[in-house]
Amino acid sequence: LRRELLSPERYDPLVRPVNNTADPVLFEIRLNYNDVEIRENEQTITMAIWMVALWKDVFLAWNSTEYDGVEQIDILPTGLWKPHFSILRSVEGDEIHIHEDALFSVQSTGLVTLQMGFVSKIVCKMDITKFPFDTQTCEFFIISSYMMAKEMKFDKVKFSNSNPVASQWVVVSSTATIGTRYSKSVVDFSITAKRLPYLYIIEIIIPLVVTAMLNPMVLLIPPSSGELASVAITILLSYTVFLNMLSGILPKTSSS
């Protein structure tokens with residue numbers, strides 16, 4: 001069955017799998033992500049993504065009754081028409097590479113399913129105005145690498161998260177919308193995460209408040225004790241330590 005479906009006389013991997021060349025190939029994309037890691041100083045978000053892509057290849061359909069009732073087979077990507085996707089705003093290259101050992105699941109109706117997992121690092125501009133009680137929204141886009149919207153089009157999309165709590169953040173919403181960008185079909189993914197501030201309250205805010213309360217009490221120390229200058233310098237050094245802690249956490253940016 002595989003040899004017959006992919007025979008050179010019947011199948012050309014360079015030809016889009018549609019009966020009418022004026023019709024686009026319709027895709028359904030399902031993305032599930034977890035293990036979210038947000039790095040404020042780098043202004044990036046890293047996550048593990050499991051992607052499922054589905055489309056119909058009319059040239060791979062067969063009558064199951066003629067092949068002992070076989071309804072589904074697995075095919076290697078070699079010699080098979082396959083899409084090329086890119087992630088816009090990715091730090092480590094845009095192209096989503098399909099491994100040469102990946103298996104494409106093909107049903108007798110011509111429905112092709114590709115499942116693959118990868119780790120992606122996305123640029124995410126941070127707004128730290130309300131730090132550490134802030135909420136960040138990160139966006140990235142999946143787009144066709146080469147084909148225009150009239151040739152390949154996203155038809156359905158599903159975006160989900162299997163683990164909403166990640167270290168110091170909790171994911172509050174995940175959205176996906178289909179649109180057009182650069183005359184290509186594109187899916188706009190958006191992740192909104194809220195910071196869990198308890199660590200910063202204990203390690204930074206409370207010590208700063210206590211230090212600020214100690215600062216005016218320096219005036220209560222008798223000058224004759226000889227400790228006035230040393231206590232004031234100690235408080236000043238404590239402020240310096242907290243500023244160094246903040247500079248290692250927050251992004252180096254002049255914007256919000």
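The values are calculated or read from the model by the stated rules, or taken from the named source; none is laboratory data. It should be emphasised that the depicted structure is a prediction, and the values quoted were computed from it without experimental measurement. Backbone-built Cβ (ideal geometry, glycine too); neighbour counts: all protein chains shown.
Residues checked against (1) closer than 30 Å to Leu196 by Cα; (2) touching a strand residue (DSSP E or B) at 6+ places or on another chain (Cβ under 8 Å); (3) of a type in the set (Val, Ile, Thr):
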{"residue": "Pro8", "(1), (2), (3)": "no, no, no"}
{"residue": "Val15", "(1), (2), (3)": "no, no, yes"}
{"residue": "Val18", "(1), (2), (3)": "no, yes, yes"}
{"residue": "Ile49", "(1), (2), (3)": "yes, yes, yes"}
{"residue": "Thr65", "(1), (2), (3)": "no, no, yes"}
{"residue": "Ile75", "(1), (2), (3)": "no, yes, yes"}
{"residue": "Leu88", "(1), (2), (3)": "yes, yes, no"}
{"residue": "Val91", "(1), (2), (3)": "yes, yes, yes"}
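The residue of the range 215-238 that is surrounded by the fewest Cβ atoms within 10 Å (Cβ to Cβ), among those that are out of contact with any Ser or Thr (no Cβ under 9 Å at 6 or more places or on another chain) and polar (S, T, N, Q), is Ser224. Hey, does the range 187-204 have a residue that's modelled with pLDDT under 90, farther than 30 Å from Asn244 by Cβ and either aliphatic (A, V, I, L, M) or in a strand (DSSP E or B) (or both)? No; the residues of the range 187-204 include none that is modelled with pLDDT under 90, farther than 30 Å from Asn244 by Cβ and either aliphatic (A, V, I, L, M) or in a strand (DSSP E or B) (or both). Within the range 107-131, the set of residues being in contact with a Ser or Thr (Cβ under 9 Å, 6 or more places away or on another chain), under 22 Å from Arg30 (Cβ atoms) and among the β-branched types (Val, Ile, Thr) comprises Val112, Thr113, Val119, Ile122.
Would you say Ala176 is of a type in the set (A, V, I, L, M, F, W, C), farther than 16 Å from Ile38 by Cβ and either assigned to a loop (DSSP other than H, G, I, E, B) or free of Cβ contacts under 8 Å to residues at least 12 places away in the same chain (or both)? Criteria not met by Ala176.
Among residues of the range 135-171 being assigned to a loop (DSSP other than H, G, I, E, B) and within 18 Å of the chain's Cα centre (by Cα), the one that is nearest to Arg30 (Cα to Cα) is Ser162. Check the range 62-78 and report whether any residue there is under 21 Å from Val186 (Cβ atoms) and either among the β-branched types (Val, Ile, Thr) or in contact (Cβ under 8 Å) with a residue 40 or more places away in the chain (or both). Scanning the range 62-78, I find no residue that is under 21 Å from Val186 (Cβ atoms) and either among the β-branched types (Val, Ile, Thr) or in contact (Cβ under 8 Å) with a residue 40 or more places away in the chain (or both), so the answer is no. Taking Ser167, is it surrounded by fewer than 13 Cβ atoms within 10 Å (Cβ to Cβ), of a type in the set (S, T, N, Q) and farther than 26 Å from Met148 by Cα? Yes. With the structure loaded, tell me whether Asp134 is acidic (Asp, Glu), in contact with a Ser or Thr (Cβ under 9 Å, 6 or more places away or on another chain), over 20 Å from Val186 (Cβ atoms) and surrounded by fewer than 18 Cβ atoms within 10 Å (Cβ to Cβ) or whether it fails that test. Criteria not met by Asp134.
Taken over the range 104-134, the residue count meeting the criterion of being aliphatic (A, V, I, L, M) and assigned to a loop (DSSP other than H, G, I, E, B) is 2.
Contact annotation: residue pairs with Cβ atoms under 7 Å, 6 or more positions apart or on different chains, pairing a residue in the range 214-238 that is within 23 Å of Glu203 (Cβ to Cβ) with a partner that is not aliphatic (A, V, I, L, M), are Ile235/Thr211; Ile235/Asn215; Ser238/Thr211. Here Thr21 fulfils each of the conditions (1) surrounded by fewer than 17 Cβ atoms within 10 Å (Cβ to Cβ); (2) of a type in the set (S, T, N, Q); (3) touching a Ser or Thr at 6+ places or on another chain (Cβ under 6 Å) apart from (3). Residue check: Trp55 meets all listed conditions (1) modelled with pLDDT under 90; (2) crowded, with 18+ Cβ neighbours inside 10 Å; (3) touching a strand residue (DSSP E or B) at 6+ places or on another chain (Cβ under 6 Å) but one, namely (1). In the range 172-213, the residue that is farthest from Arg30 (Cα to Cα) out of those that are buried (at least 17 other Cβ atoms within 10 Å of the Cβ) and in contact with a helix residue (DSSP H, G or I) (Cβ under 9 Å, 6 or more places away or on another chain) is Ile204.
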